[in-house]
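Visitor: So that we are looking at the same thing, I have put the structure below in structure tokens.
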Amino acid sequence: MLSKSQARTFFLVGTLLFSVLFLFLTIDTVRQVPAQTRAKNITPAVARGKHLWDQNNCMGCHTLLGEGAYYAPELTKVYERRGAAWMDVFLKDPQAMFPGQRKMVKYKFSDQDRQDLIAFFKWIGEMDLNGFPPRPSRDLNAGLPAQVTPPAPPSTRADVPAPRPTTQPSSQAATRVGAAPQVAAAPAMPVKFQQLCVACHMLGGKGGRVGPALDGVGKKYNVTSLRKWLEDPQGVKPGTAMPKLPFTAQELDQMVAFLLAQK
Amino acid sequence: MKFKSQKVAYWFFAACMLLLTLQLTYGFIMAFAHMGLDGLHDYIPFNAARATHTNLLVVWLLTGFMGATHFIIPEEADRELHSVPLAYLQLVSLLVVGVVAIIGFHLNWWEGRKFLEIPRPLDYLVVVNVLLFIYNIGMTVWNGKRFTTTGIVLFMGLFSAALLYLPGMIYFTNHTFDSYFRWWVVHLWVEGVWELIMGAILAYLLIKLTGVDREVIEKWLYVIVGLTFLSGILGTGHHYYYIGTPRYWLWIGGLFSALEPLAFLGMALFAVAMYRRSGRQHPNKISLYWTVGCAIMAFVGAGFLGFAHTLPQVNMYTHGTLVTAMHGHLAFWGAYAMIVLAIITYSMPLMTGRKLWNNMPGLLAFWTSNIGMVGMTGAFAVAGIAQVYLERKLGLDFMVVQKEIEVHFFGLTLAATLFSVGITLFIYNFIKHGLPRDEMVGDQSLDAEWVEPHQAQTVSAAPAPEKSTPKTGKKAKA
Ligand code: HEM
Ligand code: HEM
Ligand SMILES: [Fe+2]
């Protein structure tokens, strides 16, 4: 049988061989990574953003490239998912965006810091990651078979502001197929709507699932009630997950007009 | 205990117990935060709790390895430790660095790279500290009367662990490089050089506890660490699937990391086989439990559960989810926590002269902590699989999924409570042993009595036996 000195030779030769192979592969990887990660796009802003990412141990709650902690969302594709405007608002005061939810530390980021972080995320999102993160094989956002979907709950009381700040995903997912998208009608979709609101709400089947779908929202509200809701969600419905978003007066007018047109 | 300087091991082990307790406290903070009970958020945000939890883990394991080394090396080299004051200096400075780092975490002072959160200035202190340790042990081995395979493998493991800390200290602007070389520390530690340390301690314990011939055990030690490096070095590739590195890592990492369980399987088979071969029974049964248990749980946690998510097709979905946390817990527990607890249970009676082996708290500590840890693994597994399915397969929003799986963190807390009861009993036993005693120096009777069971002389220097001590322990003057 195997003798001790043979066993030692096995250990030494194996270790040496595979260490050398590993070093060789590392050299090749080091050569290829700049192209694969689009390293030419690493601007000073991206580098500063990475530094902020490290300095604040963001990885202690989030994952990035699937590495980190499991307390807060995966951020590899956050730029694509949320967009710069939303992230800028969010990073100013994370807890305001998701009131009553799991908390993120409120960092004192300067305007510059926020832009740097956004640049960093944009760069990360454009890397070639060999297919990660995986596309959901049954993406609920892409729509369920029509027969499985209950019709949208009818809204009867037009004057009562009753957006359901529910956290149950199924009910919102359900509303989208039933309601025909009315986007084309009347006022154009405000830029801010695309930047901020769709992060949580669906319209015409696209958007987030934190708040209710907004198809047909114009039937539930009038100008005053809708304006009041947008200006101070907590005041109308304490405990709601809807944040107070930073709209200018003009943006607010546009938003109200747009939403009321969603009948 | 043959040499006086082996006593320093006690203080390393005592530090272990303290750090372990703190680690568990922070585990509970995180488990509660996952359930929505985040009242401490303003003082200990999740990332601070997490960095503390994992760094304390690493520090107490390293402290345990160092304690084990201080106990094992003098015996293997057959001489006193090179310098006892240096050993104490090294322990104290390690603890000081650790405490400063942990306070820093609570003040947002860190490096923010998973498992290597310790801020850069402190990294240099760690390096100096480890150099002190390596120097002290190296001198002991160098001037030793004999070189054993166990001693050399242990020393090589410690030395390469120190060396591998360095790539983690290079700064890269490209996040992918940062990650790439961070894994040289994290992966090549736990799936490489730490296995040398573990294998050596395991071999030492098996030699002592089973009485099987050293040559046989050390031959298998070489085979096992050979398998470790054969698979583990290129196995690093299982962290290079999706971080912006070339595609060939998918099959290289997949293939070689799939072989990694072999080393752990080897250890488990080896420990069980040696256990079976031992004709006579060492009186320190509990230590044998921890030793054989370690080899088995390491296989389950690292080998089996590691394999479960190491193929790139699976890892695509489980990468960075609670499935990873499931594996991380049982792997660290089985392979490294248990080996440290094994050497502690083995050496304490030898250092203190109190034969608290086979007592009820000790047995309960073993079973409760292991059952608790298996329960925790189960809770993480259910939460993780649900997360993968809902988030990665169905495409639900992260936070929506977190709400759905909150309940499993209640399960986690229950299992963690059971686990903590086990650890508390272990620490209770540790304290009951009392301090190491000079009378025990040169007294190898506790080990020897089963080797030469016929030699039964009474020793007056031994302390009054505990009430719970089994009557079997005959004392012999060496
Ligand atoms: C005692 C040995 C081991 C320990 C202590 C251990 C521990 C860990 C830890 C803590 C992580 C999380 C790392 C991070 O995300 O930063 C991890 C990840 C991983 N481990 Fe292990 N591990 C061990 C052995 C193994 C083995 C033998 C395999 C394969 C057969 C394996 C496969 C993996 C994989 C694939 C990941 C990546 C998970 C992901 O993509 O999120 N591990 N391990
Ligand atoms: C009271 C018992 C414990 C509880 C409640 C607990 C809980 C937790 C929680 C909630 C996390 C964070 C997961 C996340 O990022 O969301 C974590 C991480 C971790 N814990 Fe524990 N833990 C306990 C004991 C232990 C023990 C005994 C060990 C090692 C033997 C350990 C090793 C780890 C590791 C390695 C990680 C990082 C895992 C990864 O990143 O994949 N924990 N623990
Ligand atoms: Fe690994």
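Visitor: Nearest 0.05, what FRET efficiency do B:VAL96 and B:ASN143 give at R0 = 30 Å with Cβ-Cβ as r?
Guide: Numbers: r = 29 Å, r/R0 = 0.97.
Step by step, r from the Cβ atoms, then E = 0.55.
Visitor: What is the log10 of I(q)/I(0) for segment B:203-311, computed with the Debye formula using one identical point scatterer on each Cα and no solvent, at q = 0.11, 0.12 Å⁻¹?
Guide: Rounded to two decimals, the profile gives -0.42, -0.48.
Visitor: Counting only heavy atoms of the protein chains, get the accessible area per residue of chain B (1.4 Å probe) and round it to a whole Å² value.
Guide: Here the per-residue accessible area is 36 Å².
Visitor: Lys and Arg at +1, Asp and Glu at -1: add these up for the other residues within a Cβ distance under 12 Å of A:THR43 and post the number.
Guide: Residues close to A:THR43 contribute a combined charge of +4.
Visitor: Also, quick follow-up: Heads up, I need the accessible area for B:ASP178: 1.4 angstrom probe, whole protein in place, Å², nearest 10.
Guide: B:ASP178 has an accessible surface of roughly 10 Å² with all protein chains in place.
Visitor: Can I ask one more? Hey, could you get me the Stokes-Einstein D for segment B:52-116, Kirkwood radius over alpha-carbon pairs, 25 °C and 0.890 mPa s, rounded to whole µm² s⁻¹?
Guide: My calculation gives 183 µm²/s for D.
Visitor: How high is the FRET efficiency from A:LYS244 to B:TYR43, r the C-beta distance, R0 30 Å, rounded to 0.05?
Guide: Plugging the Cβ-Cβ distance into 1/(1 + (r/R0)^6) gives 0.65.
Visitor: Continuing with this model, one more query. Provide the gained length on full extension for the span A:GLN234 to A:VAL30, in nm with one decimal, where the gain is 0.36 nm per separating residue minus the Cα-Cα distance.
Guide: 68.3 nm
Visitor: Which percent of Cα-Cα pairs in segment A:38-131 sits in each 10 Å bin, short to long?
Guide: 16, 52, 28, 3, 0
Visitor: Let me ask you something else. Starting from the Cα of A:LYS219, draw a straight line to each of the lysines and keep only those under 26 Å, dropping any in the same chain fewer than 8 residues away.
Guide: By straight Cα distance, A:LYS219 reaches A:LYS192, A:LYS206, A:LYS228, A:LYS237, A:LYS244, A:LYS263.
Visitor: Pull out a ≥ b ≥ c, the square roots of the eigenvalues of the alpha-carbon gyration tensor of chain B, then state rounded if a/c is under 1.5, prolate if not and a/b is larger than b/c, and oblate in the remaining case.
Guide: Prolate.
Visitor: How about A:LYS108: which aspartates and glutamates have a C-alpha closer than 15 Å to its C-alpha, ignoring those fewer than 8 places off in the same chain?
Guide: A:ASP88, A:ASP93, A:ASP116, B:ASP42
Visitor: Any chance you could get the radius of gyration and Dmax over the Cα atoms of segment B:333-433, in Å?
Guide: Over segment B:333-433's Cα set, Rg and Dmax evaluate to 18.4, 60 Å.
Visitor: Kindly count the pairs of lysines across segment B:186-435 whose alpha carbons are less than 28 Å apart, treating pairs on different chains or eight or more residues apart as eligible.
Guide: For segment B:186-435, qualifying lysine pairs total 9.
Visitor: Turning to a different aspect of this structure: What does a probe at B:TYR248 reach in segment A:11-29, counting residues whose amide N is under 16 Å from the point 7 Å along Cα→Cβ?
Guide: A:18-29
Visitor: Which whole DSSP H helices in chain B pass both tests: a Cα extent of 20 Å or more along the axis and a mean Kyte-Doolittle value no lower than 1.0?
Guide: On the way: long enough: B:8-34 (40 Å, 1.56); B:46-77 (45 Å, 0.65); B:84-106 (34 Å, 2.10); B:120-142 (32 Å, 1.25); B:149-164 (22 Å, 2.00); B:194-210 (23 Å, 1.61); B:214-235 (31 Å, 1.08); B:261-277 (24 Å, 1.17); B:338-352 (21 Å, 1.85); B:360-387 (40 Å, 1.13); B:406-433 (41 Å, 1.16).
The answer, listed by residue number, is B:8-34, B:84-106, B:120-142, B:149-164, B:194-210, B:214-235, B:261-277, B:338-352, B:360-387, B:406-433.
Visitor: Out of every Cα pair in segment B:1-147, what percent are spaced more than 27 Å from each other?
Guide: That tail contains 31 percent of the Cα-Cα pairs.
Visitor: Now for a different question. Please work out the C-alpha center-to-center distance from segment B:78-108 to segment B:139-167 and express it in whole Å.
Guide: 19 Å
Visitor: Starting from the Kirkwood Rh over alpha-carbon pairs, what translational D in µm² s⁻¹ does the protein assembly as shown have by Stokes-Einstein at 37 °C and 0.692 mPa s?
Guide: Taking Rh from Cα pairs, D becomes 117 µm²/s.
Visitor: Put a dot 7 Å past each Cα toward the Cβ at A:ALA257 and B:ALA273; how far apart are the dots in nm?
Guide: 8.3 nm
Visitor: Mind running the shape call on segment B:186-435? Use the C-alpha gyration tensor, a ≥ b ≥ c as the square roots of the eigenvalues: rounded below 1.5 for a/c, prolate if a/b tops b/c, oblate otherwise.
Guide: Values: a/c = 2.94, a/b = 1.39, b/c = 2.12.
Note, shape of segment B:186-435 comes out oblate.
The values are calculated or read from the model by the stated rules, or taken from the named source; none is laboratory data. Quick caveat, the model's predicted, so the values are computed rather than measured. No Cβ is skipped: glycine too gets one built from the backbone with ideal geometry, and neighbour counts run over all protein chains shown. The accessibility values were calculated without ligands, DNA or RNA, using every heavy atom of the protein model including side chains. Shrake-Rupley method; radii C 1.70, N 1.55, O 1.52, S 1.80 Å.
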